[in-house]
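I have placed the structure first, in the form of structure tokens, so that the comments after it can refer back to it.
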Amino acid sequence: MKTVCIGAGPAGLYFAILMKLADPDCDITVLERDPQGATYGWGVCFSDDLFELLYDHDRESARAVRRASVLWRRQETHLDGGVSRMGGYGFAILRARLLEALTQRAVQLGVRVQHDHPVEDLAELADADLIVAADGAGSRIRQLSGDGFDTRVDTGHNPYIWLGTDKVFDGLVFAAEPTPGGWIWLHAYPSSSSVSTCVLECSEETWRWLGLDQREESDGLQLLEKLFEQVLEGHSLISQSRGEPARWLRFRDVSNESWTHDNVVLIGDAAHTTHFTVGWGTKLALIDAVELVSSLRYYRDDLPMALRDFDERSRPFLRRIQAAARGSMDWYEHADEYLAGRTAAEAAYAMATRNSSGPRRSFRRFRLAQRPPMCWVRDARQTAHRIRQAAERGEYAFVPHRTSRRG
């Protein structure tokens, strides 16, 4: 089967890897419109669950991703001079390093990966048996297919910008600062041993009051550095990663009534988006790749049935997740009213529950869990759990790794 995958992001590359593993004779080409090495954005966050998925389906790429990842160990909320600390851990990786690892593995398996190759007409792909559209929220392939997917795109209200910083945080950090024009906040996490990712967000009104809609890039960065001087500890914000300078965006909530049309199938952000505050984008893109290959393997000789099976199994699952993500986006679009007059602990609780308030009993339990003895016990349990999961995956040579769930 001749397969062309449009988009060399996590979804497209991981699909190509798994499809080549499932059928080494499959002819697979990945076409990417951007130059090699150019990628927008900084780091992506994920949990141990993602490593479970990666190790179950391809240990080689899983090991490469794990080597390039960093561990974060706690969560902090900074507000009005106070700090609320919570337990927890997870992983993050620079998007560029993730794509490098997946590209190398795909090429190793015999996948052709071509950069600087935009597709502007489906006629270019007329000889393909299967076209996998993994070209992001603004998918050109989806647009070229007309109304075949019954696409809906809703745009969020809050401007946000994806930046880096040479301040290396040791956990997930949320910090909010009041201005006369409203609140502005950042989400930050380590992405490598030398940089962290910072996503800054505010309301439209605050954005315009601060003049961020008109300031030059350097002027805007200096203003943001000054606003968050305390949490950044004097470190710089960085606009350019390996591609173009960062720009202010508004989140696009993409949904489709069908993920398949003729011989075209959507995966990743081309099929669905989830707000960045829930941190599921990369994981869901990789799950799409896994599920699509599963359907193609099961219905090996019936492509239309395979695509229908993928659509009917995967789309309802994402509908529920998107509903939860929209709730998170809505919370942040009203964050000004949730942050005003609150302590750091109250703000952390409000974010954790995605609510403006909650039962006092629940809040007391939340505060109790932040006391040092409770934090120590929780951190010890989480560390033991993390080590056990890593050992089961075979990350440590002295522990025999388990049998894959795929048998």
Where does the chain land at 222 nm, in deg cm²/dmol rounded to the nearest 500, when only DSSP H runs of n ≥ 4 count, each adding -39500 (n - 2.57), divided by all residues? -12500 deg cm²/dmol
For mean projected area of the Cα convex hull in nm², with candidates (1) 24.5; (2) 20.6; (3) 22.4, the value calculated from the shown model is option (2)
If you build a Gaussian network model of the chain, linking Cα atoms that sit under 10 Å apart, which residue out of 74, 152, 252 swings the most? 152
Taking every DSSP bridge whose two residues both lie in the range 2-337, the antiparallel percent to the nearest 5 is 70 percent
Expected max-MSF residue from 87, 164, 341 in the GNM of the chain (alpha carbon, under 10 Å) is 341
With a sphere of radius 13 Å drawn around the Cβ of residue 225, what net charge do the other residues whose Cβ falls strictly inside it have (Lys, Arg +1; Asp, Glu -1)? -3
Amide H neighbours of residue 340 under 5 Å, counting only residues 5+ apart in sequence or on other chains, H built in-plane at 1.01 Å? none
By the gyration tensor of its Cα atoms, with a ≥ b ≥ c the square roots of the eigenvalues, what is the shape of the range 133-212: rounded for a/c under 1.5, prolate for a/b over b/c, or oblate? oblate
Under 12 Å, Cβ to Cβ, from residue 324 - net charge with Lys/Arg +1 and Asp/Glu -1: +3
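Need the full-extension length gain, residue 104 to residue 21, defined as separation in residues times 0.36 nm minus the C-alpha distance. One decimal, nm.
28.5 nm
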Selection of GluC sites (Glu not before Pro), the range 70-168, meeting DSSP coil and at most 14 other Cβ within 10 Å: 120
Expected unfolding gain across residue 80-residue 302 under the 0.36 nm per residue rule, minus the alpha-carbon gap, is 73.9 nm
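Just to be sure I understand the rule: take each whole DSSP H helix in the chain, project its Cα atoms onto its long axis, keep it if the span is 24 Å or more and its mean Kyte-Doolittle hydropathy is at least -1.0. Which ones pass?
281-298, 303-333
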Any idea how many Lys pairs in the chain come in under 27 angstrom at the alpha carbon, given 8 or more places apart or on separate chains? 5
Springs between alpha-carbon atoms under 10 Å, Gaussian network over the chain: tell me which of 122, 94, 232 tops the mean-square fluctuations. 122
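A short reminder: the numbers here are calculations on the coordinates, not readings from a lab. Just so it is clear, the model here is predicted, and its values are computed rather than measured. When we count neighbours, we look across all protein chains shown, and the Cβ atoms used for this are built from the backbone with ideal geometry, even at glycine.
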